[in-house]
Amino acid sequence: MTADAGTLVLDAQTDRLGYVTGHVGPNMQLRPVAGGRGWDADPAHVRPATSEERLAAIRERNRALNSASSGGVL
């Protein structure tokens, strides 16, 4: 699979949602929805996020932002 930067995808090998940040060699670089350390993913195991997964990502991101704004830890 190929995807543009900013596309929300699911890495089926790790069962994690992430945003595509780029491509290096044969791998995609993904960043977690709520921020944090990115990871390399094999494009053969990456697919676009479903509508349900997109909503889950929005909820996760909102929780992280709310926690950070109230002095919590991400």
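Val73 falls short on exactly one of the conditions (1) at pLDDT 95 or above; (2) touching a Ser or Thr at 6+ places or on another chain (Cβ under 9 Å), and that condition is (1). The C-beta contact set for the stretch 9-28 (first residue closer than 15 Å to Ser51 by Cα and hydrophobic (A, V, I, L, M, F, W, C), second residue at pLDDT below 95 and open to solvent by less than 30 Å² (accessible area, probe 1.4 Å), distance under 8 angstrom, 6+ apart or interchain) comprises Val9/Ala3; Leu17/Val33; Leu17/Ala57.
Listed here are the strands (runs of 3 or more DSSP E) enclosed by the chain that have at least 1 residues being open to solvent by 40 Å² or more (accessible area, probe 1.4 Å) and of a type in the set (Asp, Glu): 39-41. In the set Arg31, Arg54, Arg63, Arg47, only one residue is touching a Gly at 6+ places or on another chain (Cβ under 6 Å) and basic (Lys, Arg); that residue is Arg31.
The values are calculated or read from the model by the stated rules, or taken from the named source; none is laboratory data. Fair warning: this is a prediction, and the values are worked out from it, not measured in the lab. Neighbour counts run over all protein chains shown; Cβ positions are idealised from the backbone, glycine included. For accessibility, only protein heavy atoms count, side chains too; no ligands or nucleic acids. Shrake-Rupley method; radii C 1.70, N 1.55, O 1.52, S 1.80 Å.
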